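The values are calculated or read from the model by the stated rules, or taken from the named source; none is laboratory data. Owing to the predicted nature of the structure, the values given are computational and were not obtained by experimental measurement. When we count neighbours, we look across all protein chains shown, and the Cβ atoms used for this are built from the backbone with ideal geometry, even at glycine.
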Amino acid sequence: MNDLSFTVPLWVWASVSLVIAVMLAVDLIAHRDNHVIGFKEAAVWSGVWIAIGLAFGLVLFAWQGGEVSSTYYAGYLIEKALSIDNVFVFALVFSFFAVPDAYQHKVLFWGVIGALVFRLVFIFVGAELLQLFFWTAYVFGAFLIWTGYKMAVSKDEEVHPDRNIVVRLVKRIIPTDPRFHGGRFFTRINGRRVATLLFVALVAIEATDLIFAVDSVAAILAITTNTFLVWTANAFAVLGLRSLYFCLAGLLRRFAYLHYGLAVLLAFAGVKLILSETPVGKLPIPLTLGVIVVTITVSIGWSLIATRDDHGDHGGATPGTSSADGANTGRETGQGSAPSTRSHGTEPPRP
């Protein structure tokens, strides 16, 4: 598989990693008091993360030229679009476990760190497989096409975070108290160290991150196998996931048709990956970037127009316990207040 190739010195990898670590630290310090994050604050932070992600593309343009920069932007956009789907499941998990609004950012912070680790592993493994074995492009491509199909036809499948095999395993191995103890993941009861319900919610979030990392990384590997571009596009897209959640959690029902757009993008990435190992070769980056932008724009625009008369009923909901469905009701019935759009047969909360 031919792809962009340029030398990335070790100091560049170290510098980018340091920038990512600093941004995570700044975000943690800014929200160390576990306050409830409002829409305005979340919107400001989302703007900051998006600006940083876009600015990095300009750095790449100055360093390596337009093709590398365009490839990064294509990867960044597809990862940003797929990250919106993560928000749906995060809302469901928080509603199901009735996670108080003030502690949701803490869970998401550690969830994002887990997401970055999972993606870093899959990036290097996936890129190496594509470089060594040409037939893995067909396997990954078929997986993406199947994922897109399942996303398009299985949007309303019911999911149950408590049935997740990882969550059930943790409950069996680690003594767990089914209550919240402030913002603590662990506490002591009668001298015994036990996990809190907040930790169980974190495990559910991490389990979804693991599943999401597979198709997200596969999708961007269809654009480029350059590990530096794949990693930076993933990292800068995921870094803004926490703020994105608080921006969109109350508006999720207005994205009624977004899953069709995401399904198209995944299927397109699958076809692109398969074509790369045929006489057709890799599709031009401008074409890829155009398809991504048009698909995201159309699916979001379609959703907003179709639900313009319904936003009064749902637009004012806030994440977590203040949702219209009621978090406690979600825990009792096993249903969340927001649907998952990425349900490709192995939904994160289902074993």
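Quick notes on this structure:
- Residue ID - surrounded by the fewest Cβ atoms within 10 Å (Cβ to Cβ), chosen from residues in the stretch 96-128 that are in a loop (DSSP other than H, G, I, E, B) and not aromatic (F, W, Y): P100
- Only one of the numbered conditions (1) among the small types (G, A, S); (2) modelled with pLDDT of 85 or more; (3) farther than 21 Å from Q104 by Cβ is not met by S216, and that is (2).
- Residue match in the stretch 171-188 (condition: part of a helix (DSSP H, G or I), buried (at least 23 other Cβ atoms within 10 Å of the Cβ) and modelled with pLDDT under 85): no
- Selection status of I223, closer than 30 Å to P286 by Cα, in a loop (DSSP other than H, G, I, E, B) and either among the hydrophobic types (A, V, I, L, M, F, W, C) or in contact with a Ser or Thr (Cβ under 6 Å, 6 or more places away or on another chain) (or both): yes
- Test: residue in the stretch 19-36 that is more than 28 Å from F185 (Cβ to Cβ) and surrounded by fewer than 22 Cβ atoms within 10 Å (Cβ to Cβ): no
- Those residues of the stretch 167-183 which are among the basic types (K, R) and more than 20 Å from Q104 (Cα to Cα), in sequence order: R168, K171, R172
Let's see how each residue does on (1) within 21 Å of the chain's Cα centre (by Cα); (2) surrounded by fewer than 24 Cβ atoms within 10 Å (Cβ to Cβ); (3) β-branched (V, I, T):
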| position | (1), (2), (3) |
| --- | --- |
| G53 | yes, yes, no |
| V59 | no, yes, yes |
| S70 | no, yes, no |
| F94 | yes, no, no |
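- Annotation for the stretch 78-88: at least one member residue is closer than 15 Å to A269 by Cα, of a type in the set (D, E) and assigned to a helix (DSSP H, G or I).
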